[in-house]
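**Q** Next up is a structure, given as structure tokens.
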Amino acid sequence: MSQAAEWERSAEPDDTLVRHLAAAMSDGLAWVRNRRIEWVNARLIEMSGVQSAEVLVGVPLGDAFADTGSGRPDPTAPRAVECALTRPDGQRRSVICRPAGLEPFAAAEVWLIQDVTHVRQVEQELLRAGQDLHRGNRELATLRERLRSEQAEREELLTVVSHELCTPLTVIGGYNRLLLTEEVGPLTEEQRGFLEESTKSCERLNRFIGNLLAASREAKGGDVLEVCHGSLAEAIDGVLELLRPLLEDRDLRLRIDVAPDARLARFDRLRVGQILTNLVGNAIKYSSPGATIEIETRVPPPGAPSERRFVEVRVSDDGPGVEPKDRERIFEPYVRAGDEARAGGLGLGLAICRRLVEAHGGTIGVSDRPGGGARFTFTLPMGGDEPPPGDASEA
């Protein structure tokens, strides 16, 4: 027997060693003789989705695969090609067919079939993700440009409005000071008190406008607070003294309940005055004539021992309340909802409240008032342990 014949005989697929090696392979294997499949391993049967090897045996190698653009495996021109393996259920597997290069065996050759379906799926997913990311980046760039434009417009509006407010305030303050000198006539004690309160309000509003203008010039736009330990009762009384004429005009009563353990907090008096003025002003606006507005302070139940302690301030009215779907939106700038949308204004009051409360490290929200109406609640860092007496009062 010649050496070539011996090689050919030893290359028979029935050889036990070949079968064991083929069974252990993670890739498919096809033994091809005279361009037709003569034997396949178990992995190729599994990839093809057929019941047995007999389905593939005798089939021309190229006919067992579908061309996906790179051609099909061809024993006459052996080269690696990527094609598709169509299963009986119609599913197509992406495979790469490579000749094993058994040159000593002229009459038989081996082809390795590698399943790359998962790799191609991952590549497609990565391509789609890349396209989505590119599209998202374009949209983000558009949104950033829109936001920059809107911020510029709002800053310009803020500057214009603040400037326009300063002029009448200057006039009002000037006339107040003139009247207080009594150069144009004597004043009663009650008239002097009214003018002094009006002057204080003008000064307070002037400071507020100045702070807004300064903040609009800051690159970061952050709020600078002058925080100290203070009495919440005094802060509440100061706001109520300012708003008392509006309360009397609407025939509204006021109930104040400052809990003994919630009288002190750490806060910026001017900024908390703005918060209370906005919230109590809204309560006055939406309460029915003759109703009672409630202002309460309390210490909420403690959380974890390491958590910072806060004081809770509540302002409640008997108005129409706030729909659950609007309870987050109303704290956004330029958003008005429900009756507030019909009441006029720019929709900045509650947005300013949230910004100032969060600058203190607290939170603000709105819920239903028991019996009807709205309850706005905000928190401030708890103050010292000074024990001034406290009681409930009604005005």
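The values are calculated or read from the model by the stated rules, or taken from the named source; none is laboratory data. Remember, it's a predicted structure, so these values are computed and weren't measured experimentally. As a convention, Cβ positions derive from the backbone with ideal geometry for all residues, glycine included, and neighbour counts pool all protein chains shown. Side chains are part of the model used for accessible areas, which takes the heavy atoms of the whole protein and leaves out ligands, DNA and RNA. Shrake-Rupley method; radii C 1.70, N 1.55, O 1.52, S 1.80 Å.
**Q** Would you mind stating whether Pro300 is out of contact with any Pro (no Cβ under 9 Å at 6 or more places or on another chain), within 15 Å of Thr363 (Cα to Cα) and in a loop (DSSP other than H, G, I, E, B)?
**A** Working: out of contact with any Pro (no Cβ under 9 Å at 6 or more places or on another chain): yes; within 15 Å of Thr363 (Cα to Cα): yes; in a loop (DSSP other than H, G, I, E, B): yes.
Against the criterion (out of contact with any Pro (no Cβ under 9 Å at 6 or more places or on another chain), within 15 Å of Thr363 (Cα to Cα) and in a loop (DSSP other than H, G, I, E, B)), Pro300 qualifies.
**Q** Sort through Val110, Val95, Val50 and tell me the only one that's in a strand (DSSP E or B), within 23 Å of Ala22 (Cβ to Cβ) and within 55 Å of the chain's Cα centre (by Cα). Please lay out each step first, then the result.
**A** Values: Val110 fails: within 55 Å of the chain's Cα centre (by Cα); Val50 fails: in a strand (DSSP E or B).
None of the other options fit; the residue is Val95.
**Q** If you don't mind, another one. Return the pairs, sorted by first residue and then second, in which the second residue is of a type outside the set (Gly, Ala, Ser), the first residue lies in the range 115-135 and is within 20 Å of Val81 (Cα to Cα), the beta carbons are less than 7 Å apart, and the residues are 6+ apart or on different chains.
**A** Asp115/Met47; Asp115/Arg93; Asp115/Val95; Val116/Val95; Val116/Ile96; Thr117/Arg93
**Q** So the check is Cβ under 8 Å with 6+ separation or different chains; which pairs have a first residue in the range 248-263 that's more than 17 Å from Leu276 (Cβ to Cβ) and a second one that's surrounded by 14 or more Cβ atoms within 10 Å (Cβ to Cβ) and polar (S, T, N, Q)?
**A** Short answer, once both residue conditions are applied: Arg250/Ser287; Arg253/Thr292.
**Q** Identify, from the list Asp74, Asp67, the residue that is over 26 Å from Gln121 (Cβ atoms) and surrounded by fewer than 17 Cβ atoms within 10 Å (Cβ to Cβ).
**A** Working: Asp67 fails: over 26 Å from Gln121 (Cβ atoms).
When all the criteria are applied, what remains is Asp74.
**Q** Here are Leu85, Leu61, Leu112: which of them is within 13 Å of Val32 (Cβ to Cβ) and open to solvent by less than 50 Å² (accessible area, probe 1.4 Å)? If you could, list the steps in order and put the result at the bottom.
**A** Values: Leu85 fails: within 13 Å of Val32 (Cβ to Cβ); Leu112 fails: open to solvent by less than 50 Å² (accessible area, probe 1.4 Å).
Only one candidate passes the filter, namely Leu61.
**Q** Can you pull out every residue in the range 229-246 that is open to solvent by 60 Å² or more (accessible area, probe 1.4 Å) and within 13 Å of Leu276 (Cβ to Cβ)? Walk me through how you get there before you give the answer.
**A** Of all residues in the range 229-246, those open to solvent by 60 Å² or more (accessible area, probe 1.4 Å) come to 229, 234, 237, 241, 244-246.
Matches in the range 229-246: Glu234, Asp237, Glu241.
**Q** Take Arg309 and decide whether it is among the basic types (Lys, Arg) and modelled with pLDDT under 90. Write out each step before concluding.
**A** Values: among the basic types (Lys, Arg): yes; modelled with pLDDT under 90: yes.
It is true that Arg309 is among the basic types (Lys, Arg) and modelled with pLDDT under 90.
**Q** Next question. Give the residues of the range 351-381 that are modelled with pLDDT under 90, open to solvent by 50 Å² or more (accessible area, probe 1.4 Å) and over 16 Å from Thr277 (Cβ atoms), sorted by residue number.
**A** Matches in the range 351-381: Pro370, Gly371.
**Q** Filter the range 348-366 down to residues that are in a loop (DSSP other than H, G, I, E, B) and more than 13 Å from Asn282 (Cβ to Cβ), then give me how many there are. Steps first, please.
**A** Start the filter on the range 348-366 by keeping residues that are in a loop (DSSP other than H, G, I, E, B), which leaves 348, 360-363.
If we keep only those that are more than 13 Å from Asn282 (Cβ to Cβ) too, we end up with 360-363.
Result for the range 348-366: 4.
**Q** Further question: Among the numbered criteria (1) at pLDDT 90 or above; (2) under 14 Å from Leu232 (Cβ atoms); (3) out of contact with any Lys or Arg (no Cβ under 8 Å at 6 or more places or on another chain), which one does Ala259 miss?
**A** (3)
**Q** Does Leu264 fit the bill of being modelled with pLDDT of 90 or more and within 27 Å of Glu226 (Cα to Cα)?
**A** On the way: modelled with pLDDT of 90 or more: yes; within 27 Å of Glu226 (Cα to Cα): yes.
Against the criterion (modelled with pLDDT of 90 or more and within 27 Å of Glu226 (Cα to Cα)), Leu264 qualifies.
**Q** How about the range 70-82: which of its residues are out of contact with any strand residue (DSSP E or B) (no Cβ under 6 Å at 6 or more places or on another chain) and in contact (Cβ under 8 Å) with a residue 12 or more places away in the chain? Working first, answer last.
**A** Taking the range 70-82 and keeping what is out of contact with any strand residue (DSSP E or B) (no Cβ under 6 Å at 6 or more places or on another chain), we get 74, 76-77, 79.
Correct list: Asp74, Thr76, Arg79.
**Q** Please tell me if Gly193 is touching a Leu at 6+ places or on another chain (Cβ under 8 Å), at pLDDT 85 or above and closer than 30 Å to Ser316 by Cβ.
**A** Answer is no for this residue.
**Q** Quick check on my filter: what residues within the range 177-197 are under 19 Å from Leu242 (Cα atoms), without any contact (Cβ under 8 Å) to a residue 24 or more places away in the chain and either of a type in the set (Gly, Ala, Ser) or open to solvent by less than 100 Å² (accessible area, probe 1.4 Å) (or both)?
**A** Taking the range 177-197 first, the residues under 19 Å from Leu242 (Cα atoms) are 177, 180, 189-197.
Still in the list and also without any contact (Cβ under 8 Å) to a residue 24 or more places away in the chain: 177, 180, 189-196.
Correct list: Leu180, Gln191, Arg192, Gly193, Leu195, Glu196.
**Q** A further question follows. Is it the case that Thr167 is over 20 Å from Leu348 (Cα atoms), at pLDDT below 80 and either open to solvent by 40 Å² or more (accessible area, probe 1.4 Å) or of a type in the set (Asp, Glu) (or both)?
**A** Details: over 20 Å from Leu348 (Cα atoms): yes; at pLDDT below 80: yes; either open to solvent by 40 Å² or more (accessible area, probe 1.4 Å) or of a type in the set (Asp, Glu) (or both): yes.
Yes; evaluated as a whole, the condition is true for this residue.
**Q** Residues of the range 59-79 being closer than 20 Å to Ile45 by Cα and of a type in the set (A, V, I, L, M), which ones?
**A** Within the range 59-79, Val59, Leu61, Ala64, Ala66 qualify.
**Q** While we're here: When you scan the range 318-349, how many residues do you find that are in contact with a Leu (Cβ under 9 Å, 6 or more places away or on another chain), modelled with pLDDT of 80 or more and crowded, with 17+ Cβ neighbours inside 10 Å?
**A** Here the count works out to 2.
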